[in-house]
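Just below is one structure, and these are the notes that go with it.
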Amino acid sequence: MKTIVSVICSVIIMVSCLRAQRLPEIAVPENYKLAFAPDFATDTFAGQEEISLHMLKPSNVIVLNAADIDFEAVMVHLGEDTLTGKVTNGPENQMVTLIFDKPIPAGPALLHIHYKGKLNNQLRGLYLSRANGRKYAVSQLEAVDARRAFPSFDEPSYKATFDVTVIADKGDTAISNGKIISDTPGPGENQHTIKFSTTPKMSSYLVALAVGDFYCQEGSQDGIPIRVCATPDKKNLLSFALESAEHILHFYDSYYSIKYPYGKLDILAAPDFEAGAMENTAAIFYRETLLTIDDKTASVDAHKQVADVLGHEMAHQWFGDLVTMKWWDDVWLNEGFATWMSRKPVADWKQDWDLDIDKARATSMALNTDSLQHTRPIRAKAETPNQIDELFDGIAYGKAASVLRMIEAYVGPEVFRKGVNAYLEKHAYGNATSEDFWNAIAEASHKPVDQIMPTFITQAGAPLLTVKAACKNGRTEVTLSQQRFYYDSKLLKQPSSELWQIPVCIKTEKGRSCQLVTKQEQTVELNGCSPWVFTNADAVGHYRSVYDPAMLRRLSEVGETKLSPQERISLLGDSWAAVRAGKYRMGDYLSLIQGMQQERNLSAIDILVENLSSIDRDLLDDSNREQFQTFVRNLFRPAAQELGWSSAPGEGDERRSLRAKVLEAYGYLGRDPETLKKARELVLQYMETPASADTTLVRTAFRVAAVEGDEALYNKILESSKNAKSPEEYYLYVRALVEFRQPELIQRTFNLALSPEIRNQDAPGLIARQFSNPAARSEVWNLVRQNWAGVQAKTTQSSGREIVTATNSFCDAKTRDEVQQFFTQHKVPAAERSLPRALESISNCIDLKAQQEQNLNSWLGQQHSSGQ
Ligand SMILES: [Zn+2]
């Protein structure tokens with residue numbers, strides 16, 4: 001699954017939070033025959049199910065998972081004999097016990113269930129979706145919602161084969177995991193029956209079904225038919241996704257030793273979808289905006305996103321679908337791997353996208369959550385549905401991917417690939433654990449990966465290396481000491497008990513040297529005396545480094561010539577973290593970036609803009625805002641002037657993205673009047689004739705123009721959103737509304753999010769975005785609390801936590817206490833970790849302000865008086 005983007009158990013709930021909710025070992029499924037008949041007149045579906053079971057022991061009960069299912073008949077066939085079952089709830093939530101008059105003997109048995117389910121509005125199970133005046137039934141079963149579509153052994157290790165049949169209305173078609181093997185009229189006069197081929201053995205959460213009016217564009221690769229499908233109005237927005245899927249499939253066919261194993265691949269953009277996308281076996285389902293773009297006019301970012309998300313979901317067809325984690329505590333084996341893998345096939349295809357540098361940026365972002373006390377280990381215990389849903393976070397995706405990147409660099413890409421393939425071959429169509437994975441890589445590499453990985457997978461947080469370097473007897477002596485890093489300066493000052501085994505490569509003027517750091521403190525001697533050392537060569541390590549101020553100065557002097565863009569990204573990320581933790585002064589950091597006027601790497605500029613945005617959001621007031629804006633304009637002026645507002649013919653994608661980023665900094669953070677004016681002109685031009693402007697730049701223009709935008713502009717953007725020709729154009733408009741700063745416009749955007757005009761899949765994200773607008777966040781926080789019932793009606797099982805997380809944008813004690821009190825009283829599902837993380841982030845910001853505000857003011861003051 002690709003996520004877009006953490007309530008404390010009360011005493012009573014705590015009991016069930018801690019108890020394992022696993023099925024008792026009575027029977028295992030071998031095959032499910034599932035027949036679904038959606039009824040769009042009543043928003044329900046009828047289900048008929050036949051499970052071929054293997055009874056592990058004689059028993060008169062069978063326990064299954066089921067939620068919101070009305071059982072109509074339950075029978076077991078034993079030869080000539082038919083036993084009728086009674087259904088009782090329990091023993092746990094979302095389980096039923098089927099009780100029969102006499103024991104079913106050990107061995108094979110056939111269980112029949114007739115039932116009814118509801119096509120819900122919660123975007124999970126088999127749910128109801130609407131588009132263009134028609135209704136659709138769409139499934140989303142991960143993590144634990146197969147039980148809402150059919151009674152099942154809904155745990156990842158109960159793999160079985162599935163035969164799906166659908167009874168659909170005449171004008172509708174259906175997509176599922178198998179190929180269509182027959183399509184016959186009936187049983188009703190206006191119905192037809194579609195049967196799909198038997199799937200290979202797979203987990204219940206990977207079953208897929210979509211019923212409705214779809215258009216598919218067809219292609220193929222390596223003998224595998226590929227279709228990209230959507231509602232018919234999107235038929236002209238499918239070609240880039242299809243082209244991407246073809247490239248990616250071919251790459252994976254050669255990367256993995258096992259060819260794509262499922263015979264066909266369907267990729268569907270569903271009108272309402274909670275996650276970003278879902279890797280159902282051979283039937284990947286998507287949010288429309290991540291799949292359907294206009295190849296001719298879409299922005300570079302939109303193109304990158306489509307390819308990246310496809311790279312992720314298609315990687316899952318092997319990592320996740322073919323080999324599946326035994327239990328959800330190891331969900332990183334799916335998500336971390338797919339996140340790490342996704343860029344490989346895309347980088348191979350689109351070489352001017354600089355995706356290797358993107359990875360350094362991703363590592364820097366992954367270290368962010370890991371700097372909180374309330375982070376979690378990659379492998380974390382989860383038993384209840386809420387706990388399982390909450391595991392799909394930045395740790396399972398970003399951190400796990402970052403650790404895999406480090407291990408790949410440590411053993412070498414080709415050896416890593418061999419280890420990966422050995423793991424897949426050994427566990428194909430089965431389940432595996434973290435240990436299975438790192439043992440396979442250790443075996444392939446003959447390196448202690450099985451010692452290194454557990455320190456990163458089972459321990460929370462990330463290491464900080466404190467670096468001391470000296471020249472002794474013509475050699476450079478580097479002492480590295482490790483401790484757990486926290487943004488919280490008080491926690492950072494305390495000794496930490498964690499110990500990591502860290503592959504560290506040191507770069508100096510004389511060369512590089514790699515070693516495994518296993519002790520609290522370790523000294524390395526390098527040939528020759530180097531004036532500088534950089535302790536994360538190629539920026540592949542999942543750790544931070546902090547140097548003494550003199551070394552930091554020397555690194556900033558040589559950064560542009562001696563460090564690679566990846567290394568500069570790592571240095572920027574670590575330095576900003578050190579400012580937040582009180583290890584560096586704000587002035588040290590600003591001096592570092594002051595020397596980066598010539599930086600033209602997109603990811604490096606991106607991290608710089610992000611850090612400056614934090615200052616802009618949290619540390620400025622009327623006394624220093626103008627000085628800060630002058631500093632930002634001076635920093636970005638050379639790049640802004642060089643890049644201008646129009647692209648040269650034949651210009652590459654990276655340069656177009658860079659222009660957009662630089663002008664965003666220059667206009668949004670620097671408030672350059674000319675840039676604000678141009679942005680408004682471009683926005684107006686785009687709304688007249690969308691095809692006349694570069695969409696990559698238009699995204700920036702909307703954000704910048706909205707900052708000083710008035711009601712007339714707001715109305716025009718809102719009006720334009722109603723006639724958008726593609727999802728990208730629509731979101732450009734709707735997201736621009738979030739950036740307006742007048743109180744009545746802030747309220748209108750909030751009301752819009754709660755109205756039927758905004759889909760449930762989009763509403764929580766829109767409100768969350770409002771929190772990142774510094775002029776809007778206090779008002780939005782009041783609105784959220786005053787309209788909580790309305791907000792809840794627009795959130796689903798896991799999307800409510802987006803709003804909890806968004807409160808981390810505050811930076812004062814009063815609001816922190818309000819956030820704590822409000823969400824303790826109004827519990828949000830699957831947000832057990834999100835709340836303490838948000839509160840900790842607010843506290844860290846308060847701390848940052850107290851420690852660095854004065855230094856920021858004096859540094860800006862000095863710049864001002866020296867006329868810089
Ligand atoms: Zn995923």
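So the values come out like this:
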{"read-out": "Residue tally, condition in a strand (DSSP E or B) and either out of contact with any Pro (no Cβ under 6 Å at 6 or more places or on another chain) or aliphatic (A, V, I, L, M) (or both), over the range 110-135", "value": "18"}
{"read-out": "Residues being in a strand (DSSP E or B) and either more than 27 Å from Pro38 (Cβ to Cβ) or in contact with a Leu (Cβ under 9 Å, 6 or more places away or on another chain) (or both) - total across the range 66-109", "value": "27"}
{"read-out": "Residue that is surrounded by 18 or more Cβ atoms within 10 Å (Cβ to Cβ) and farther than 30 Å from Glu509 by Cβ, where the choices are Gln459, Gln387", "value": "Gln387"}
{"read-out": "Pair list, Cβ under 7 Å, 6 or more apart: the range 279-291 residue under 10 Å from Glu313 (Cβ atoms) and assigned to a helix (DSSP H, G or I), other residue within 15 Å of the ligand (Cβ to nearest atom) and β-branched (Val, Ile, Thr)", "value": "Leu290/Val309"}
{"read-out": "Answer residue from the range 625-640, given it is over 34 Å from the mean Cα position of the chain (by Cα) and not polar (S, T, N, Q) and is farthest from Leu592 (Cα to Cα) among those", "value": "Glu626"}
{"read-out": "In the range 423-481, the residues that are in contact with a Pro (Cβ under 6 Å, 6 or more places away or on another chain) and among the hydrophobic types (A, V, I, L, M, F, W, C)", "value": "Ala460"}
{"read-out": "Extreme residue, modelled with the lowest pLDDT, among residues of the range 349-365 that are acidic (Asp, Glu) and either buried (at least 24 other Cβ atoms within 10 Å of the Cβ) or part of a helix (DSSP H, G or I) (or both)", "value": "Asp356"}
{"read-out": "Residue identified as in a strand (DSSP E or B), at pLDDT 95 or above and of a type in the set (Gly, Ala, Ser) among Ser157, Ser139", "value": "Ser139"}
{"read-out": "Condition met for Ile395 (assigned to a loop (DSSP other than H, G, I, E, B) and buried (at least 24 other Cβ atoms within 10 Å of the Cβ))", "value": "no"}
{"read-out": "Residue in the range 212-226 that is under 23 Å from His114 (Cα atoms), buried (at least 20 other Cβ atoms within 10 Å of the Cβ) and among the aromatic types (Phe, Trp, Tyr) present", "value": "no"}
{"read-out": "Within the range 419-443, tally of residues that are over 18 Å from Gln317 (Cα atoms) and not small (Gly, Ala, Ser)", "value": "6"}
{"read-out": "Those residues of the range 462-490 which are surrounded by fewer than 17 Cβ atoms within 10 Å (Cβ to Cβ) and aliphatic (A, V, I, L, M), in sequence order", "value": "Ala470"}
{"read-out": "Qualifying positions in the range 271-280 - at pLDDT below 95, hydrophobic (A, V, I, L, M, F, W, C) and either closer than 20 Å to Glu218 by Cα or within 13 Å of the ligand (Cβ to nearest atom) (or both)", "value": "Ala275, Ala277"}
{"read-out": "Test: residue in the range 247-262 that is closer than 15 Å to Val346 by Cβ, touching a helix residue (DSSP H, G or I) at 6+ places or on another chain (Cβ under 8 Å), of a type in the set (A, V, I, L, M, F, W, C) and within 16 Å of the ligand (Cβ to nearest atom)", "value": "yes"}
{"read-out": "Members of the range 481-491 found to be more than 11 Å from Pro463 (Cα to Cα) and either part of a strand (DSSP E or B) or of a type in the set (A, V, I, L, M) (or both), listed by number", "value": "Leu491"}
{"read-out": "Tabulated pairs, the range 309-324, first on the phi > 0 side of the Ramachandran plot, second near the ligand (Cβ under 9 Å from one of its atoms), C-beta under 7 angstrom, 6+ apart or interchain", "value": "Gly320/Glu279; Gly320/Asn334; Gly320/Ala338"}
{"read-out": "Elements of type helices (runs of 4 or more DSSP H) in the range 714-832, at least 3 residues being among the polar types (S, T, N, Q)", "value": "743-754, 777-786, 813-825"}
{"read-out": "Conditions (1) surrounded by 12 or more Cβ atoms within 10 Å (Cβ to Cβ); (2) part of a strand (DSSP E or B): number failed by Arg22", "value": "(2)"}
{"read-out": "Thr523 more than 29 Å from the chain's Cα centre (by Cα), surrounded by fewer than 23 Cβ atoms within 10 Å (Cβ to Cβ) and modelled with pLDDT of 95 or more", "value": "yes"}
{"read-out": "Residues of the range 482-522 satisfying the condition of being more than 16 Å from Thr455 (Cα to Cα) and of a type in the set (Ser, Thr, Tyr)", "value": "Tyr486, Tyr487, Ser489, Thr508, Ser513"}
{"read-out": "Qualifying residue in the range 398-419 (condition: within 16 Å of the ligand (Cβ to nearest atom), part of a helix (DSSP H, G or I), touching a strand residue (DSSP E or B) at 6+ places or on another chain (Cβ under 9 Å) and among the aliphatic types (A, V, I, L, M))", "value": "no"}
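Yes/no matrix, rows are residues, columns are (1) more than 17 Å from Tyr543 (Cα to Cα); (2) in a loop (DSSP other than H, G, I, E, B); (3) within 14 Å of the ligand (Cβ to nearest atom):
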position: Ala298; (1), (2), (3): yes, yes, no
position: Gln305; (1), (2), (3): yes, no, no
position: Leu310; (1), (2), (3): yes, no, yes
position: Met314; (1), (2), (3): yes, no, yes
position: Leu333; (1), (2), (3): yes, no, yes
position: Thr339; (1), (2), (3): yes, no, yes
position: Ala347; (1), (2), (3): yes, no, no
position: Leu367; (1), (2), (3): no, no, no
position: Gln373; (1), (2), (3): no, yes, no
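The values are calculated or read from the model by the stated rules, or taken from the named source; none is laboratory data. Just so it is clear, the model here is predicted, and its values are computed rather than measured. All Cβ positions, even for glycine, are placed from backbone atoms using ideal geometry, and neighbour counts span all protein chains on display.
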